[in-house]
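Notes follow once the structure below has been shown.
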Amino acid sequence: MEVAVSMDPLFLAWSSSRRRKFQRCSDICSKLLSESPYDQAAWSLKTRALTEMLYIDEVELDQEGIADIMLDESSIAQVARPGTSLRLPGTSQGGAPTPAVRPMTQSGRPITGFVRPSTLSGRPETMEQAIRTPRTASTARPVTSASGRFVRLGTTLFEYIFHLENDVKTALDLAALATEHAQFKDWWWKVQLGKCYYRLGLHREAEKQFRSALAHQEFVDTYLYLAKVYQRLDQPITALNVFKQGLDHFPAEVTLLTGIARIHEEMNNMISATEYYKEVLKQDNTHVEAIACIGSNHFYTDQPEIALRFYRRLLQMGVFNCQLYNNLGLCCFYAQQYDMTLSSFERALALVSSDEEQADIWYNLGHVAVGIADLTLAYQCFKLALAFNNNHGEAYNNLAVLELRKGRIEQAKAFLQTAASLSPHMYEPHFNFATLSDKVGDLQSSYMAAQKSEDAFPEHVDTQQILKNLRQHFATL
């Protein structure tokens with residue numbers, strides 16, 4: 001006769017937690033607590049499971065909402081010295097591609113090879129611009145406020161309160177009491193205090209706590225948190241120094257090297273950024289962000305064949321999404337491997353998850369069509385891009401050029417004005433409108449558009465030539 005042996009429920013819950021089956025762990029703990037409400041082990045394990053289900057790494061999370069941006073009281077220099085500000089475009093120390101070669105974001109930075117929080121756009125100048133600017137990688141809608149981002153975010157009681165309940169004030173009180181109980185010598189609680197201050201927007205207080213924590217215990221995450229504070233305060237040079245101090249204590253640490261590379265990339269210093277990304281790959285040759293960013297840099301420096309190798313490496317690693325196939329299609333086209341171009345775009349279209357992605361793929365197909373001189377196909381592709389995303393400024397600009405080739409001047413003007421209003425950071429719509437207005441004799445409109453083009457891309461030679469000709473003409477009147 002066999003005797004059935006049942007597993008201890010608490011051990012089963014602990015085992016489920018170890019295997020990351022957090023919902024099952026929580027359910028078992030709930031059953032245990034219904035029988036014994038004061039079981040501290042079950043309470044602790046359930047709290048940890050609930051926290052892990054919704055846990056997000058605070059080091060990586062950095063999305064500013066509209067309220068955080070427009071109501072920011074931190075004063076910065078209006079004319080920052082070159083290479084000292086992340087908020088003001090055009091302050092790089094060289095090595096940055098021009099907008100004629102590499103597309104720019106609304107903040108004036110080149111588009112990166114890897115979508116991260118805060119890389120899609122910088123600090124908008126007006127509320128209207130802030131509302132219109134996408135703030136996240138997954139949606140075109142702006143984040144309305146920082147508090148909205150953390151409503152459903154997910155081991156200790158502090159982490160449960162901080163991540164799951166999102167009660168930062170209570171978490172701050174708990175961390176302060178714990179720090180005092182530890183006689184201000186426990187570095188972990190000081191880091192938690194810093195996280196609370198950062199979440200509340202008290203960046204200088206957060207800086208003090210992280211500095212104090214580092215004095216007690218050198219830890220990689222603390223360096224990352226401290227650098228994050230300086231980036232929010234728009235002090236990239238200080239953030240770089242923090243990362244380098246961290247590398248002195250933790251040589252070749254991948255996260256610190258990646259942080260340095262990101263700052264160089266945001267400051268338009270692509271040469272240094274690429275060097276640090278290569279250092280990252282020496283330590284971790286499966287680092288997706290480094291591979292993608294190096295591949296993107298090679299593509300925009302007219303080396304599509306080398307970029308193709310990096311994107312194929314991502315494919316071998318198991319990255320399987322529409323963005324990767326989209327990039328593969330473009331690399332194949334510009335590397336003249338035409339047999340793979342359309343099949344890559346077909347796979348990209350089969351993997352799209354949003355209308356914005358669909359629009360970008362059709363826009364790129366339009367470029368392929370222009371490259372093979374099939375302007376009818378290009379016209380249809382750009383139209384399809386606008387059907388999926390009616391705010392696609394680049395598609396409006398290219399449609400205007402095709403309309404102009406057909407002799408439809410008024411339609412071309414309308415498309416260019418739409419492109420300029422949707423994407424004021426692009427120089428192409430302003431330059432094209434200036435050229436078109438100049439040809440039809442509307443010199444005043446041409447001069448105004450050329451000035452906007454110059455603001456977006458001061459080094460553009462053709463814009464300078466138009467302005468020079470117009471000024472000479474106005475001087476003779």
**OP:** Tell me which residues, restricted to the stretch 168-212, are of a type in the set (F, W, Y) and either surrounded by 16 or more Cβ atoms within 10 Å (Cβ to Cβ) or under 17 Å from L157 (Cα atoms) (or both).
**Re:** W187, W188, W189, Y197, Y198, F210
**OP:** Would you check if E279 is open to solvent by 10 Å² or more (accessible area, probe 1.4 Å), of a type in the set (D, E, K, R) and at pLDDT 95 or above?
**Re:** yes
**OP:** For residues that are among the hydroxyl-bearing types (S, T, Y) and over 19 Å from E218 (Cα atoms), scanning just the stretch 242-276, find the one that is most open to solvent (accessible area, probe 1.4 Å).
**Re:** Y276
**OP:** Run down T179, T222 and say which single residue is of a type in the set (S, T, N, Q) and within 22 Å of Y55 (Cα to Cα).
**Re:** T222
Subject >> Per-region count, the stretch 286-322, residues part of a loop (DSSP other than H, G, I, E, B) and under 24 Å from N269 (Cβ atoms) >> reply: 4
Original post:
Do any residues in the stretch 264-290 that are closer than 22 Å to Q231 by Cα have Cβ atoms under 7 Å from those of residues that are hydroxyl-bearing (S, T, Y) and part of a loop (DSSP other than H, G, I, E, B), where the two are at least six apart or on different chains, and which pairs are they?
Top reply: E265/T112; M267/S92; N268/S92; N269/S92
**OP:** May I ask you to verify whether G329 is open to solvent by less than 70 Å² (accessible area, probe 1.4 Å) and farther than 23 Å from A252 by Cα?
**Re:** yes
**OP:** Of the conditions (1) crowded, with 22+ Cβ neighbours inside 10 Å; (2) on the phi > 0 side of the Ramachandran plot, A373 clears all except one; give me its number.
**Re:** (1)
Subject >> Residue selected from the stretch 336-352 under the condition in contact with a helix residue (DSSP H, G or I) (Cβ under 7 Å, 6 or more places away or on another chain) and open to solvent by 20 Å² or more (accessible area, probe 1.4 Å), by the criterion nearest to F382 (Cα to Cα) >> reply: L349
**OP:** Among the residues of the stretch 299-323, write down those that are buried (at least 21 other Cβ atoms within 10 Å of the Cβ) and farther than 19 Å from G366 by Cβ.
**Re:** A307, L308, F310, Y311
**OP:** Among what's in the stretch 431-477 and is in contact with a Leu (Cβ under 7 Å, 6 or more places away or on another chain) and aromatic (F, W, Y), pick the residue that is farthest from L404 (Cα to Cα).
**Re:** Y447
Original post:
Taking the stretch 449-471, which residues are open to solvent by 100 Å² or more (accessible area, probe 1.4 Å) and of a type outside the set (V, I, T)?
Top reply: K452, D455, E459, K468, R471
**OP:** Output the residue which, of all residues in the stretch 376-420 that are touching a His at 6+ places or on another chain (Cβ under 7 Å) and closer than 20 Å to V352 by Cα, is surrounded by the most Cβ atoms within 10 Å (Cβ to Cβ).
**Re:** A385
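The values are calculated or read from the model by the stated rules, or taken from the named source; none is laboratory data. Here the structure is a predicted model, which is why all the values come from computation and not from measurement. Cβ: placed from backbone, ideal geometry, glycine included. Neighbour counts: every protein chain shown. Note: areas computed on protein heavy atoms with side chains; ligands, DNA, RNA excluded. Shrake-Rupley method; radii C 1.70, N 1.55, O 1.52, S 1.80 Å.
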